[in-house]
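S.K.: Handing you this structure, nothing more for now.
The values are calculated or read from the model by the stated rules, or taken from the named source; none is laboratory data. A quick note: this is a predicted structure, and the numbers were derived from the prediction, not measured. Here the Cβ positions follow ideal geometry from the backbone for every residue, glycine too, while neighbour counts run over all protein chains shown. Side chains are part of the model used for accessible areas, which takes the heavy atoms of the whole protein and leaves out ligands, DNA and RNA. Shrake-Rupley method; radii C 1.70, N 1.55, O 1.52, S 1.80 Å.
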Amino acid sequence: MLPMVSSVPEIERSMRLIRQAYEELLEEGFDLKMPPVGLMIEVPSAVFQAYEFAKRVDFLSVGSNDLIQYILAVDRNNARVAHLYDGLHPAVLRALADVVKAGHKAGKKVSICGELAGDPLVVPLLLGMGFDGLSMSARLLLRMKWIVRQFSMADAKQLAKEVLAMDDATEVRCHMEMVLDNAGLGGLIRA
């Protein structure tokens, strides 16, 4: 997977090098298949070129931690501004939806990794947006599986549509807390 890609020429150069290495291995007598190559959507420029990027690789994966940090221009490790780092910010959610739409338009699968993929408030939205895969810590799997099973795809899509129309992260958070409470999942979002 190609990390921190910000332009089409970077992908094209990387793909040439990967193909060259693959061909060299074949010439040396190794019997292997070309591995699937994907890239991480981690910087804002990648969001805006996700379709062009997706056409050149086998899959996309959103690196949510870095993408949130760069979209919001907030260093999540700086105590003075870390409170501004919010995965439910409308700009972040719209960027995620745009990446999924672009990837699927190019016929590619789109996954997401990072803290958002294991956040009970966000998982129903990610499903509703159409993410094909969620990558998270193994310790979160059972909890997220339980949440996924509580929402039909139609409900998740409707929920994503509602939230994507909101313009305030606090409004999104309150709405998602209410939705999870109503689904009997409130205990998963409170200590």
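S.K.: Quick check on my filter: what residues within segment 24-80 are of a type in the set (Gly, Ala, Ser) and either in contact with a Leu (Cβ under 7 Å, 6 or more places away or on another chain) or in contact (Cβ under 8 Å) with a residue 12 or more places away in the chain (or both)?
M.R.: GLY38, SER45, ALA46, ALA50, ALA54, SER61, GLY63, SER64 - these are the residues of segment 24-80 that are of a type in the set (Gly, Ala, Ser) and either in contact with a Leu (Cβ under 7 Å, 6 or more places away or on another chain) or in contact (Cβ under 8 Å) with a residue 12 or more places away in the chain (or both).
S.K.: For residues that are of a type in the set (A, V, I, L, M, F, W, C), outside any helix (DSSP H, G or I) and more than 17 Å from VAL92 (Cα to Cα), scanning just segment 157-186, find the one that is least open to solvent (accessible area, probe 1.4 Å).
M.R.: Result: LEU185.
S.K.: Any idea which of (1) open to solvent by 50 Å² or more (accessible area, probe 1.4 Å); (2) basic (Lys, Arg); (3) under 25 Å from VAL5 (Cβ atoms) is the one LYS108 doesn't satisfy?
M.R.: (1) is the only condition that LYS108 fails.
S.K.: Considering segment 1-44 alone, what residues qualify as being surrounded by fewer than 15 Cβ atoms within 10 Å (Cβ to Cβ), within 20 Å of the chain's Cα centre (by Cα) and hydrophobic (A, V, I, L, M, F, W, C)?
M.R.: Result: MET4, VAL8.
S.K.: From the set of residues in segment 56-96 that are at pLDDT 95 or above and β-branched (Val, Ile, Thr), which is surrounded by the most Cβ atoms within 10 Å (Cβ to Cβ)?
M.R.: Among those residues, the one meeting the criterion is VAL62.
S.K.: Scan segment 118-156 residue by residue and report those that are surrounded by 17 or more Cβ atoms within 10 Å (Cβ to Cβ), at pLDDT 95 or above, under 15 Å from the mean Cα position of the chain (by Cα) and among the small types (Gly, Ala, Ser).
M.R.: Scanning segment 118-156 gives GLY128, GLY130.
S.K.: Would you mind telling me which numbered condition in (1) at pLDDT 95 or above; (2) open to solvent by 30 Å² or more (accessible area, probe 1.4 Å); (3) among the β-branched types (Val, Ile, Thr) ILE189 fails?
M.R.: (1)
S.K.: Further, regarding this structure: The conditions are (1) more than 18 Å from VAL47 (Cβ to Cβ); (2) at pLDDT 95 or above; (3) among the charged types (D, E, K, R), and LYS109 fails exactly one of them. Which is it?
M.R.: Just one mismatch for LYS109, condition (1).
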